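Asks: Following this message is one structure expressed as structure tokens.
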Amino acid sequence: MTGRTVGNRTRAARTVALAACASLVLAACGSTKDTQADTAKGDGSGKVGVILPLLTSPFWQSYNDYVPKMAKSEDVDALKTVNSNSDPAQQITDINNQLNQGVKGLVVAPLDSAAISAGLDQAERKGVPVIAVDVAPEKGKVAMIVRANNVSYGEKACEFLGKTVKSGKVVQIMGDLASVNGRERSEAFRECVKKNHPKLKVLEIPAKWESDAAASKLDTLLNANPDIKGIYLQAGGVYLAPTLQTLKSKNLLKKAGTPGHIAIVSNDGIPQEFDAIRKGEIDATISQPADTYAKYGMHYIRAAMEGKTFKPGPTDHDSVIVKHPNGMLEDQLPAPLVTKENVDDPELWGNTVK
């Protein structure tokens, strides 16, 4: 995909991984074609439970649509997805319910990086492997984490606004800080601005992935700061519509290239963001890969059910597997920056949604 950049952590991980590969003649080094397998624990058959965090975001709606297609392509017998409706406690209940139904594998998108450990522990006790999608758990056991580099998300947004706005006030509408995603995006954006674009002043809105909170807090912030020049939306699926509506209500929604335009960079890669870029309402988004989240969630759960394991290193699908300090492995999938220059790229999943 065009426009892809890799964050500092990914680059460092790739360097280490490549060095490791050079010394391992026969090792797979993260390849999903030639995995390093323990003694087989099964043939990959059996029902797989899929737990969603929410369905109020177009991003998760798209992921939900991709799941059955990717399950079929990866030869996984997936159950109908379960929606935890933004409730971490409900998510643990959903996991237990699926385990009680006798699933042989789970693909879970955690709502809370710490709270999810209760569900992971239940799955481990029953000998059921788990793949975490989008959010990395803080503890517990998972066979693989499938997500993109969220530090890179914050850095890309920072660099875009730094080059576009150059000086003045910018806002980041943050995600839930109980999620490692919200923390990494927020901290990376903040630190990048401090280091590389000190003429920007960062204002912050904690919105917990909630559209109403984003709208009301942005309204209040704009009343006190009518001179805001840029906005970073950490989740376009829930923040795009309320942000545009709030700006419109204050007569601040100006087309890109015209006086008074507030530069906006978003995060998700949904079709609605692409349309907003084409209209000049926003300037950019980071395409979080809903399609490959579903694909490799299914791929890795089948591999885990077959007893296969993986090592850090480059993969055969333009990503890199990194190892967390807690020992968990994470396949960091590509997430390109999308602007008016590449918004019509047919390789972007947001251009393939019907």
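The values are calculated or read from the model by the stated rules, or taken from the named source; none is laboratory data. What you see is a predicted model; the values in this text were computed from it and never measured. Ideal geometry is used to build each Cβ from the backbone, glycine not excepted, and the neighbour counts take in all protein chains shown. In case anyone asks, the SASA skips ligands and DNA or RNA and just uses the protein heavy atoms, side chains included. Shrake-Rupley method; radii C 1.70, N 1.55, O 1.52, S 1.80 Å.
Asks: Contact order normalised by length for segment 64-203, with contacts defined as Cα pairs under 8 Å and 6 or more residues apart; what percent is it?
Replies: 18
Asks: Given the C-alpha centroids of segment 39-76 and segment 185-218, what is the distance between them in whole angstrom?
Replies: 32
Asks: Quick one: which of 248/340; 47/126; 126/308; 169/248; 194/279 span more than 23 angstrom between C-alpha atoms?
Replies: Among 248/340; 47/126; 126/308; 169/248; 194/279, the Cα-Cα distance tops 23 Å for 194/279.
Asks: Working with all protein chains in place, sort 318, 331, 291 by solvent-accessible area computed with a 1.4 Å probe, largest first.
Replies: In descending accessible area the options line up as 318, 291, 331.
Asks: Can you list the residues, at least 5 places off or on another chain, whose amide H is less than 5 Å from the amide H of residue 105, using H built in the peptide plane?
Replies: 49
Asks: Find how much the distance from residue 344 to residue 114 grows on full extension, using 0.36 nm per residue of separation minus their present alpha carbon separation; answer in nm with one decimal.
Replies: Net length gain for the segment: 79.0 nm.
Asks: Can you give the extra length, in nm with one decimal, that the chain gains between residue 45 and residue 100 once fully stretched, where that is 0.36 nm per residue apart less the Cα-Cα distance?
Replies: Working it through step by step, the gained length comes to 18.1 nm.
Asks: Heavy-atom accessible area per residue, segment 195-354, 1.4 Å probe: how many Å²?
Replies: Using a 1.4 Å probe on heavy atoms only, each residue of segment 195-354 averages 42 Å².
Asks: Please report the relative contact order for the chain, taking Cα pairs under 8 Å with a sequence separation of at least 6, and give it as a percent rounded to a whole number.
Replies: 24
Asks: Whole Å is fine, so just give me how far the alpha carbon centre of segment 144-172 lies from that of segment 90-136.
Replies: 30
Asks: Residue 55 versus residue 223, label points 7 Å from Cα toward the beta carbon: distance in nm?
Replies: 3.6
Asks: Charges only on Cβ, +1 for Lys and Arg, -1 for Asp and Glu: so what's the dipole of segment 140-278 about the Cα centre, in debye to the nearest 20?
Replies: 460
Asks: In degrees from 0 to 90, rounded to the nearest 10, what is the angle of the helix 236-249 Cα long axis to the longest principal axis of the chain?
Replies: That works out to roughly 10 degrees.
Asks: So in the chain, what percent of DSSP beta bridges are antiparallel if you round to the nearest 5?
Replies: Of all bridge pairs located within the chain, approximately 20 percent are antiparallel.
Asks: Give the long-range amide H neighbours of residue 266: residues separated by 5 or more places, or on another chain, with amide H under 5 Å away, using H modelled in the peptide plane at 1.01 Å from N.
Replies: Those qualifying (amide H under 5 Å, at least 5 residues apart or on another chain) are 233, 284, 285, 286.
Asks: Run the accessible area of segment 140-252 with a 1.4 Å probe and give the carbon-and-sulfur part as a rounded percent.
Replies: Percent of accessible area from carbon and sulfur atoms in segment 140-252: 52.
Asks: Rounded to the nearest 500 deg cm²/dmol, what is the calculated helix-only ellipticity per residue at 222 nm for the chain, with -39500 (n - 2.57) per DSSP H run of length n ≥ 4?
Replies: So the calculated ellipticity at 222 nm is -12500 deg cm²/dmol.
Asks: With each pseudo-label sitting 7 Å past Cα toward Cβ, what's the residue 212-residue 309 distance in nm, one decimal?
Replies: Between residue 212 and residue 309, the simple spin-label model gives 4.7 nm.
Asks: Something else now. Could you run the Karplus curve 6.51 cos²θ - 1.76 cosθ + 1.60 with θ = phi - 60° over segment 217-230 and give me ³J(HN,Hα) per residue in whole Hz, x for Gly and Pro?
Replies: 6, 5, 4, 5, 5, 5, 4, 8, 9, x, 9, 4, 10, x
Asks: Could you give the angle, 0 to 90 degrees to the nearest 10, between helix 180-196's Cα long axis and the longest principal axis of the Cα atoms of the chain?
Replies: Around 50 degrees separate the two axes.
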